[in-house]
Amino acid sequence: MTATSLQDCEALDRQDPLRELRDRFDLPDGVIYLDGNSLGALPRATPRRVAEAVERGWGRGLIKSWNAEGWAGLPRTVGDKIARLIGAGPGEVVAADSTSVNLYKVLFAAIRLAATASPQRRIILSERGNFSTDLYIAESLCQQHGYTLKLVAPGDLQLALDGDVAVLMLTQVNFRTGAMHDMPSLTARAHAQGALAVWDLAHSAGAVPVDVHGAQADFAVGCGYKYLNGGPGSPAYVWVHPQHVNRVAQPLSGWWSHSAPFAFAAGYEPATGIDRYLAGSPPILSLVALDCGLDTLLSAEPLGGMAALRRKSLALTEMFMGLVRERLSGHGLGIVTPEEQSRRGSQVCLTRDEGGYAIVQALMARGVIGDFRVGDGQQQPDILRFGFAPLYVRFVDVWNAVEQLRQVLDRGEWRDARFAQPKPVT
Ligand SMILES: *Cc1c(COP(=O)(O)O)cnc(C)c1O
């Protein structure tokens, strides 16, 4: 898709079958928000729903609301909505804890399961550029259980999947490059080699159609505050294939994962089904916000659902890449996000030898919000990252963001000292 003017983009927005969904978000005036991959925007319905949970549920209903308001079942009711986005069945997902904690639970379960079939396998295999928390969690789990975390470049995964691997652990869409793995084929390769596959859907669910059953994945986790618009620090989620779920307990045997939490029994007995992936009391106010984020996302279903969202997301990222090439040539920008549609998530990542952080800050001062991800000084370059949440990003936003970036670069605005000061959260 090539746009040659702002008017072209306005026309595309008028024809967009999803255009009315943007109105469901409370976006500040004068802001082009290209960071929904890091913190999804606020749905207009959320403040009311949270206020009701506080005032009616907590204030008036008090303890009775655990039953009367369905609070106790929220991890599952919210989980069922997430299931619709990832190709899981009802009752197969719970919303709980953080992605990091859920990853720990499923990795533990996966190595236990793998060991029942072949205890000599001692490797967890992942991608070198995987998100830091995923690698930190895997590393400490490996240390605790005598496993080795093996990290390779994405192109070497198929080859590295040999008979020593117990578990393949990958994030479907890479946070730094926006590159997307072929989930069915890597899972199939893992299974052919006798390994299990754990997938992190943090940067894919809600932006890319995901089908955990179609891919025959074994375990999956994902994040609530990115494309699901659940709010800062929103609960994450966990899915386990029904064929595995009752075969092994996860390691955080809290009372909410017990078969009868309110029996206060002397011994631990895990719940049957996905409830055993809970641990402690669910964070109700945060779950209400996540529920509302999911309702907003699922309101796209009558308009074509995930397939329509994916079509729009690809058109947005494609247009952004095209405009960067055409209108920003000569500014030293590189594009690390794959050109091929089947290999691209919903973000575009740019590189530049110099000034990445300051350029993003200068853009923010002009109302264009993206983010910056520092490289490792070797294989991974610094990244200027732009996410395109198809629920609320418009084609005119793409045009205007590129235009603002052009002005920041043309005028050397980013060299201003006030943009050089690093903040704690980039
Ligand atoms: C965002 C993200 C996380 C977040 O983990 P938290 O525990 O929720 O902070 C984890 N993994 C990946 C791949 C992510 O993109």
**OP:** Mind jotting down the distance between the C-alpha centroids of the stretch 300-326 and the stretch 156-204, whole Å?
**Re:** 25
**OP:** Take the alpha carbon gyration tensor of the chain, find the square roots of its eigenvalues, order them as a ≥ b ≥ c, and report rounded if a/c is under 1.5; if not, report prolate when a/b exceeds b/c, else oblate.
**Re:** oblate
**OP:** Starting from the amide H of Ser204, placed 1.01 Å from N in the peptide plane, find each other amide H under 5 Å away whose residue is 5 or more places distant or on another chain.
**Re:** Val173
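Given R₀ = 25 Å, FRET efficiency for Gln158-Gln380 by Cβ-Cβ distance, to 0.05? Could you put the intermediate results ahead of the total?
Values: r = 21 Å, r/R0 = 0.85.
Calculated transfer efficiency: 0.70.
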Subject >> Amide H within-cut-off set for Val368, under 5 Å, with H built and near neighbours excluded >> reply: Ile32
Subject >> Ranked list, fewest to most other Cβ atoms within 10 Å of each Cβ, for Thr317, Thr148 >> reply: Thr148, Thr317
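Given only helices, namely DSSP H runs of n ≥ 4 each adding -39500 (n - 2.57), what is the per-residue ellipticity at 222 nm of the chain, to the nearest 500 deg cm²/dmol? Before the final figure, lay out the partial values.
On the way: 13 runs with 149 residues, N = 426.
Result for the chain, helices only: -10500 deg cm²/dmol.
Arranged from highest to lowest average of other beta-carbon atoms within 10 Å per residue, in what order do the peptides 85-97, 323-335 appear?
Taking the mean over residues of other Cβ atoms within 10 Å, the ranking is 85-97, 323-335.
Where the only charges are on Cβ atoms (+1 Lys, Arg; -1 Asp, Glu), what is the dipole of the stretch 49-298 about its Cα centre, to the nearest 20 debye? Present the calculation step by step, with values, prior to reporting the outcome.
Numbers: 18 positive and 20 negative charges, 48 e Å.
Dipole about the Cα centre, nearest 20: 240 debye.
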Original post:
Once phi is turned into θ = phi - 60°, what whole-Hz ³J(HN,Hα) does the Karplus curve with 6.51, -1.76 and 1.60 give for every residue of the stretch 45-62, x standing for Gly and Pro?
Top reply: 6, 5, x, 4, 4, 5, 4, 5, 4, 6, 6, 7, x, 7, x, 8, x, 6
Original post:
Helix 284-298 versus the longest principal axis of the chain: what angle, 0 to 90°, nearest 10, using Cα atoms?
Top reply: 60
Original post:
Taking amide hydrogens as modeled 1.01 Å from N in the peptide plane, which residues meet the under 5 Å criterion relative to Ser234, leaving out close sequence neighbours?
Top reply: Tyr225
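Please tell me the relative contact order of the chain in percent, rounded to the nearest whole number, where contacts are Cα pairs under 8 Å and at least six residues apart.
Numbers: 809 pairs, mean separation 92.9, N = 426.
Once divided by the residue count of the chain, the mean separation gives 22 percent.
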Original post:
In the P(r) worked out for the stretch 1-149, what percent of Cα pairs fall beyond 29 Å?
Top reply: 48
Subject >> Whole-Hz couplings from phi, Karplus 6.51/-1.76/1.60, listed for the stretch 307-319; x for Gly and Pro >> reply: 5, 5, 4, 5, 4, 5, 4, 5, 5, 5, 5, 5, 5
Subject >> Relative contact order [Cα under 8 Å, 6+ residues apart], the stretch 98-230, whole percent >> reply: 25
Original post:
What list of ³J(HN,Hα) values in whole Hz, one per residue of the stretch 9-23 in order, does the Karplus curve 6.51 cos²θ - 1.76 cosθ + 1.60 (θ = phi - 60°) give from phi, with Gly and Pro shown as x?
Top reply: 5, 4, 5, 4, 5, 5, 8, 5, x, 9, 4, 6, 5, 4, 5
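Over the stretch 49-298, what is the relative contact order in percent, taking alpha-carbon pairs closer than 8 angstrom and at least six residues apart?
Working: 480 pairs, mean separation 59.8, N = 250.
RCO, the stretch 49-298: 24 percent.
Roughly what % of DSSP beta bridges within the chain run antiparallel, to the nearest 5? Display every interim value, and only then the final one.
Values: 21 of 39 bridges.
Counting only bridges with both partners in the chain, antiparallel ones make up about 55 percent.
Throughout, read-outs are computed from the coordinates displayed, never taken from laboratory work. Remember, it's a predicted structure, so these values are computed and weren't measured experimentally. As a convention, Cβ positions derive from the backbone with ideal geometry for all residues, glycine included, and neighbour counts pool all protein chains shown.
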